[in-house]
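Visitor: Shown below is the structure under consideration.
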Amino acid sequence: MTTSAQGPLENGLALCRVKTWLARRLVSLPFSDHCDPLIDRPEDLAAVLEHLEREMERGRWRSLELRPRPGAWPEAAGQTESAKFCLHTLDLARPAEQIFAGFHASSTQRAIRRAEREGLSYEAGSSDRLLSAFYSLLRLTRRRHGLPPQPMAWFRNLIACIPSTGFARSGQGATIHVASKDGMPVAGILTLTFKNSMVYKYGGSNAAHHSLGGMPFLFWRAIQAAKALGVEELDLGRSDLDQPGLIAFKEHLGGVRSDLTYYGHPERRADAGRHGPAARVAGMAVRLLPDTALDLTGRLLYRHLG
C-alpha cells in the first residue's frame, strides 16, 4: 500500500508468502483463481509494484505472481504476463427459467431431467458428514486425473475460517453441496459465498454414476438455492486452456468466458511439466496408491503449492 502511517488506509494489494524448503514466493493469492488490487490510481499501483520488484532484487523471494481479474489491471502496470487461463461466470440476476434455458439442451438440461427422474436428492451444509462424503468424491476425481487430493485439513480450515450457518438459512461462507442416489453420494461441490457472489471452488464425482446426471443436477440446485438468497453471480472459476472438457462443461452451464492473465516473474507456462513422460509416470503411480498413501501425498505436496 502507499498510504502514509498517519493517514487513513486508501489502497492495498494482498499477497501471501509461500516459504518452504522447496518454494519462496509471493502470490496474490495462493489457491485463489483471482485477486484484484484494491487500488484506484495507476500511479499508486506502479509504486506498489516497484516496491515488490525491489524485494525481488534483494533476493528475498524467487518469484512473484499477481492474479487480477479481466479489466482490473491497468495497462500502465507494465508487468510481464506469466500464465494464461480462462474464467467463466454466470449471471444469476436473471429469472430461473431464463438461466435454465441457457443450459445446453442435450448435455445439461437433459442430464438434470434424468437426475430428477432417478430421484437424486440434494443436501447442502458444512457438517462433518457432508465433508466426508464430499472428500471421498474429490479423492475419486483426483485419482482419475492422476493427482493427489488437497489435504482434508485444508477443507476443515476453510469451513472453520469461513463459517456457514447452513446454506438454506444464510448462504454465506463455505458450503458443501452433495447429490445422492438412494443415500449414496454421487457428486459433490464446495462453494464460497460472500454478499451477492458465489464461487465454485472444488468438485468431485463418482464416474460409475455419471449417467445419472449428478453434477449438472447439483449445480442447478445450488443455483436455485443461491438465487433464493439474492446471489447475483456464480463464479465458475478458472480453467487451464488445455482442459477442453472442463471448459465445455462450464459453457454448457451458460458460463460466459473471459481471458484470465497472471502477471509477475519469472514467466511460467500454465501447463509446464504436465504432459511430459515424468508427469505421465507420476500420474500412473498416483492412480495405484491406496487412499491413505494418496492422502499423505497430498498433505506433503500442497504446502509447497498455490
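The values are calculated or read from the model by the stated rules, or taken from the named source; none is laboratory data. In this text, all values refer to a predicted model and were calculated from it rather than measured experimentally. No Cβ is skipped: glycine too gets one built from the backbone with ideal geometry, and neighbour counts run over all protein chains shown.
Visitor: Name every residue in the stretch 90-104 that is assigned to a loop (DSSP other than H, G, I, E, B) and within 15 Å of D235 (Cβ to Cβ), in order of residue number.
Guide: L92, A93
Visitor: Here is a follow-up. Considering only the stretch 81-132, state which residues are hydroxyl-bearing (S, T, Y), out of contact with any strand residue (DSSP E or B) (no Cβ under 8 Å at 6 or more places or on another chain) and touching a residue at least 60 places away in the same chain (Cβ under 8 Å).
Guide: S107, T108
Visitor: Which residues, counting only those in the stretch 100-136, are among the β-branched types (V, I, T) and under 22 Å from the mean Cα position of the chain (by Cα)?
Guide: Taking the stretch 100-136 and keeping what is among the β-branched types (V, I, T), we get 108, 112.
Selection gives T108 alone.
Visitor: Something else about it: Scan the stretch 288-301 for residues that are in a helix (DSSP H, G or I) and surrounded by 14 or more Cβ atoms within 10 Å (Cβ to Cβ) and jot them down.
Guide: L294, D295, L296, T297, G298, R299, L301
Visitor: Being farther than 23 Å from L190 by Cβ, assigned by TED's automatic domain parsing to the domain that holds L147 and modelled with pLDDT of 85 or more is the requirement here; does P244 meet it?
Guide: Details: farther than 23 Å from L190 by Cβ: yes; assigned by TED's automatic domain parsing to the domain that holds L147: yes; modelled with pLDDT of 85 or more: yes.
Against the criterion (farther than 23 Å from L190 by Cβ, assigned by TED's automatic domain parsing to the domain that holds L147 and modelled with pLDDT of 85 or more), P244 qualifies.
Visitor: When you go through S132, S136 one by one, which is the residue that is surrounded by fewer than 18 Cβ atoms within 10 Å (Cβ to Cβ), under 15 Å from Y202 (Cβ atoms), touching a Gly at 6+ places or on another chain (Cβ under 9 Å) and small (G, A, S)?
Guide: It is S136.
Visitor: When the stretch 139-150 is examined, which residues are found to be buried (at least 19 other Cβ atoms within 10 Å of the Cβ) and touching a helix residue (DSSP H, G or I) at 6+ places or on another chain (Cβ under 7 Å)?
Guide: The answer is R139, R143, P148, P149, Q150.
Visitor: Sort out which residues of the stretch 31-73 are in a loop (DSSP other than H, G, I, E, B), among the basic types (K, R) and more than 12 Å from L15 (Cα to Cα), and write them in order of number.
Guide: Scanning the stretch 31-73 gives R41, R58, R60, R62, R69.
Visitor: Given F167, F155, which one is buried (at least 20 other Cβ atoms within 10 Å of the Cβ) and modelled with pLDDT under 90?
Guide: Working: F155 fails: modelled with pLDDT under 90.
F167 is the lone residue from the list that is buried (at least 20 other Cβ atoms within 10 Å of the Cβ) and modelled with pLDDT under 90.
Visitor: Related question: For the stretch 57-86, name all the residues that are in contact with a Lys or Arg (Cβ under 8 Å, 6 or more places away or on another chain), modelled with pLDDT of 80 or more and over 15 Å from D259 (Cα atoms).
Guide: Selection gives W61, R62, S63, L64, E65.
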